[in-house]
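In what follows, a single structure is set out as structure tokens and then discussed.
The values are calculated or read from the model by the stated rules, or taken from the named source; none is laboratory data. Being a predicted model, the structure only gives us computed values, none of them experimental. Cβ atoms come from the backbone with ideal geometry, glycine included; neighbour counts cover every protein chain shown. Heavy atoms of the whole protein, side chains included, go into the accessibility calculation; ligands, DNA and RNA do not. Shrake-Rupley method; radii C 1.70, N 1.55, O 1.52, S 1.80 Å.
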Protein chains: 2
Amino acid sequence: MNFADRLIEAICQKKTRLVVGLDPHLELLPPSMMNGVSRNNRVQLADVIARFCIGVIESVGDLVAAVKPQVAFFERLGGAGYDALEKVTAEARDRNLLIISDAKRGDIGSTAQAYADYHLGVAQPSSEHELQCLGADAITLNPYLGEDSLQPFLRHVEKGRGLFLLAKTSNVGSANFQDRMISDDQQAVPLYHAVAHLADMLVSRYPAGKHGYSSVGLVVGATFPEQAAALRSAFPRLLFLVPGVGAQGARPSDLRGCFDPEGLGAVINASRSVIFAYRDSGGGANWQAAARQAARDLRDEINSSVTRG
Amino acid sequence: MNFADRLIEAICQKKTRLVVGLDPHLELLPPSMMNGVSRNNRVQLADVIARFCIGVIESVGDLVAAVKPQVAFFERLGGAGYDALEKVTAEARDRNLLIISDAKRGDIGSTAQAYADYHLGVAQPSSEHELQCLGADAITLNPYLGEDSLQPFLRHVEKGRGLFLLAKTSNVGSANFQDRMISDDQQAVPLYHAVAHLADMLVSRYPAGKHGYSSVGLVVGATFPEQAAALRSAFPRLLFLVPGVGAQGARPSDLRGCFDPEGLGAVINASRSVIFAYRDSGGGANWQAAARQAARDLRDEINSSVTRG
């Protein structure tokens with residue numbers, strides 16, 4: 001089944017448009033988990049971040065459409081960090097959660113192939129010549145290198161995986177290049193619109209899912225609601241992965257324009273405001289309960305913002 | 001000492017402008033190294049790629065200004081691959097070779113910080129609160145997310161590290177976005193020129209090295225010699241890391257425009273055409289000798305193309 005359909009069915013069955021980002025900042029972990037852990041011991045720290053992320057998955061798994069591990073925080077711990085990343089994704093898979101690898105990779109040729117095969121390959125190989133992989137259901141990609149850099153990833157789309165191309169990101173610096181006006185099909189449009197246009201052209205090569213969405217989507221920041229709404233109406237087949245709610249400042253009420261009239265077409269990511277919610281609720285003893293409460297509240301706020309649309 | 005000066009002194013002392021890319025494609029490794037290795041055993045394969053890359057370093061170390069590990073091929077093997085990557089960079093460091101981590105990372109906030117700290121942090125921590133890092137001397141970065149995404153990396157520039165921003169890459173797809181004309185300072189320029197302009201502005205915050213070059217440079221493909229020459233004359237302070245020679249089709253004669261009148265300002269990367277040179281010279285028993293010969297030939301061709309300028 002194609003990725004877009006799998007994501008939309010998770011949204012509809014679980015009645016949630018929320019994605020929780022697994023961003024295990026070492027400095028923000030519940031202090032109780034750091035007892036007896038040496039701050040320079042990568043194996044110990046990797047064990048802590050794996051246990052933390054698995055604890056998040058246990059707490060919020062039924063409230064989210066997918067989880068989104070942020071690869072940087074695992075890479076920070078080298079090989080031990082990647083072992084932790086694979087433990088976390090295995091746990092998510094066992095619980096039938098979709099996994100979006102937030103890797104923002106972008107490269108060419110055999111290098112792009114290696115990234116694609118690791119992130120999107122099958123996690124449990126069936127033959128003795130197959131290598132173990134991360135086995136995510138989707139990955140975030142940086143489009144700056146152009147269409148040929150996406151080809152190795154598109155081969156995995158044919159096998160049911162999904163891609164989210166960075167279009168208009170949630171940070172202030174997204175104005176530096178993404179907002180620059182260029183000529184595209186004789187129209188002046190911002191660069192991020194040309195990225196969306198490329199995604200839409202790629203999409204036309206693959207049958208859209210039964211809900212009308214393609215498995216090649218966009219990353220569109222909630223911090224720019226007008227741009228998100230303009231992209232939504234210009235590109236009705238593209239799924240959006242929307243960061244920027246919570247710690248980055250966007251509010252659920254900014255999200256309306258990301259959705260189609262049926263309230264589909266986007267998933268909303270929150271990371272720190274959910275997984276480290278214990279920091280705003282006094283103490284880390286109940287950090288899992290705090291994460292669950294924050295996820296439930298945000299899920300409900302997002303759902304309300306949609307139904308009010 | 002700043003990175004630009006360290007790189008230029010390596011160029012001048014060793015009389016080479018060559019960088020060798022450590023791209024251990026599993027399919028191209030010398031067959032003799034694969035004897036008894038199971039194709040799905042990541043620990044065994046990681047051991048092979050570490051031995052292969054260290055063998056390359058032994059063979060060509062005195063002929064190159066730096067080595068450039070391509071992180072994707074190590075990540076392909078998960079945690080075992082990162083262990084191999086760190087073994088390889090440790091070996092390069094022991095031999096006083098500069099290391100450019102070809103990671104093409106690009107992200108924001110604490111995520112960018114995690115990538116920066118891992119790739120560019122100090123490899124041998126001095127305190128019990130410091131984490132082990134890869135410890136590369138420089139990294140390649142994707143600029144699509146804009147200036148704020150570069151800030152965590154710039155903090156390492158202050159400590160002697162270098163950055164190479166993707167500007168005009170060597171692949172055909174670089175035309176999709178990088179060549180789009182935008183308005184920059186009231187001039188119409190291609191997007192890659194605006195990236196170079198941002199690098200040049202960042203540069204002005206750091207003192208240039210004694211050779212006049214900054215530690216924030218560009219990736220500029222040898223496959224587009226006219227564009228490279230135009231960038232060289234417009235941005236005299238920016239170091240170029242130039243891929244595209246060899247397997248990608250550019251020739252040493254295409255490189256002239258990458259250099260300044262003193263023959264400095266650029267290093268030229270070759271990967272497959274050097275490290276897998278044994279494939280063109282019949283058999284893998286002497287793969288190290290073949291790599292050494294290919295590196296020596298290419299070094300000399302590049303040097304000749306400069307002095308003919």
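Of all beta bridges that DSSP places with both ends in chain B, some 10 percent have antiparallel geometry. For the range A:292-301, putting each phi into the Karplus relation 6.51 cos²θ - 1.76 cosθ + 1.60 with θ = phi - 60° gives couplings of 4, 5, 5, 5, 5, 4, 5, 3, 5, 4 Hz, in residue order, rounded to whole numbers and with x for Gly and Pro.
Distances between placed amide hydrogens fall under 5 Å for B:L18 paired with B:A65, B:I268, all partners being 5 or more residues away or on another chain. Solvent exposure of B:L28, expressed as accessible area, is near 30 Å², computed with a probe of 1.4 Å over the protein chains only. The region of chain B that goes longest without hitting one of the trypsin sites (Lys or Arg not before Pro) in a DSSP loop, each with at most 15 other Cβ atoms within 10 Å, is B:211-307. Neighbours of A:N40 by Cβ distance under 11 Å: Lys/Arg scored +1, Asp/Glu scored -1, total 0.
Taking only DSSP H segments of four or more residues, each worth -39500 (n - 2.57), what value at 222 nm results for the protein assembly as shown once the sum is divided by all its residues, to the nearest 500 deg cm²/dmol? Intermediate results must be reported in sequence, preceding the final value.
Details: 22 runs with 252 residues, N = 618.
My calculation for the protein assembly as shown gives -12500 deg cm²/dmol from helical runs alone.
Residues whose amide H falls under 5 Å from that of B:L98, counting only those 5 or more places apart or on a different chain, are B:V67, with hydrogens built in the peptide plane. Looking at the range A:118-175, the GluC sites (Glu not before Pro) that sit in a DSSP loop and have at most 12 other Cβ atoms within 10 Å of their own Cβ are A:E128, A:E158. Of B:C12, A:C53, the residue with the largest accessible area leads and the full order is B:C12, A:C53 (1.4 Å probe). Remark: the range A:251-258, residue by residue, has Karplus-estimated 3J(HN,Hα) of 10, x, 5, 6, 8, 3, x, 7 Hz, where x stands for each Gly or Pro and the curve is 6.51 cos²θ - 1.76 cosθ + 1.60 at θ = phi - 60°. Summing charges over all other residues whose Cβ lies under 12 Å from the Cβ of B:A199, with Lys and Arg as +1 and Asp and Glu as -1, gives 0.
In order along the range B:190-202, the Karplus-derived 3J(HN,Hα) couplings, from 6.51 cos²θ - 1.76 cosθ + 1.60 at θ = phi - 60°, round to x, 3, 4, 6, 5, 5, 4, 5, 4, 4, 5, 5, 4 Hz, and Gly and Pro are given as x.
Its Cα centre serving as origin, chain B has a Cβ charge dipole (Lys and Arg +1, Asp and Glu -1) of approximately 560 debye.
Across the cross-link table entries A:K68/A:K210; A:K68/B:K68; B:K159/B:K210; A:K159/A:K210; A:K14/A:K168, which are compared at the Cα atoms, the separations over 19 Å belong to A:K68/A:K210; A:K68/B:K68; A:K14/A:K168. Shown for A:G160: label points 7 Å from Cα along the beta-carbon vector, and their distances to the equivalent points in the other copies, 5.1 nm in ascending order. Note on chain A: with a GNM built from Cα contacts shorter than 10 Å, the maximum mean-square fluctuation among A:A72, A:A199, A:A136 falls on A:A72. Over the protein assembly as shown, the reciprocal of the mean inverse Cα-Cα separation, the Kirkwood hydrodynamic radius, stands at 24.6 Å.
Cβ-Cβ distance of A:K15 and B:E9, R₀ of 51 Å, FRET efficiency by 1/(1 + (r/R0)^6): the value works out to about 0.25.
Could you size up the charge dipole of the range B:77-207 around its Cα centre, putting +1 on the beta carbon of Lys and Arg and -1 on that of Asp and Glu, and report it in debye to the nearest 20? Don't jump to the answer; show the numbers that get you there.
Numbers: 11 positive and 17 negative charges, 45 e Å.
In debye, rounded to 20, the range B:77-207 gives about 220.
Structure remark: mean-square fluctuation, Gaussian network model of chain B, C-alpha springs under 10 Å; the largest value among B:D23, B:D94, B:D260 belongs to B:D94. Comparing A:G244, A:G282, A:S271 along the charge dipole axis of the range A:244-307, the residue lying farthest to the positive side is A:G282, per the Cβ-charge model. Database remark: amide H of B:F164 closer than 5 angstrom to the amide H of B:I139, B:T140, B:L141, B:G217 (H placed geometrically; neighbours at sequence offset of 5 or more, or on other chains; Pro and chain starts carry no H). Each copy carries a label point for A:Y206 at 7 Å from Cα toward Cβ; from one copy, the others' points are 3.9 nm away, ordered from shortest. Sorted into 10 angstrom bins from 0, the C-alpha pair distances of chain B split as 6, 28, 36, 23, 7, 1, 0 percent.
Each DSSP beta bridge with both residues in the protein assembly as shown is either parallel or antiparallel, and the antiparallel ones are about 10%. A Cα-only calculation for the range A:109-236 places Rg and Dmax at 15.9, 52 Å. For A:D280, the point set 7 Å out from Cα toward Cβ sits 6.0 nm from its twins in the other copies, listed from shortest up.
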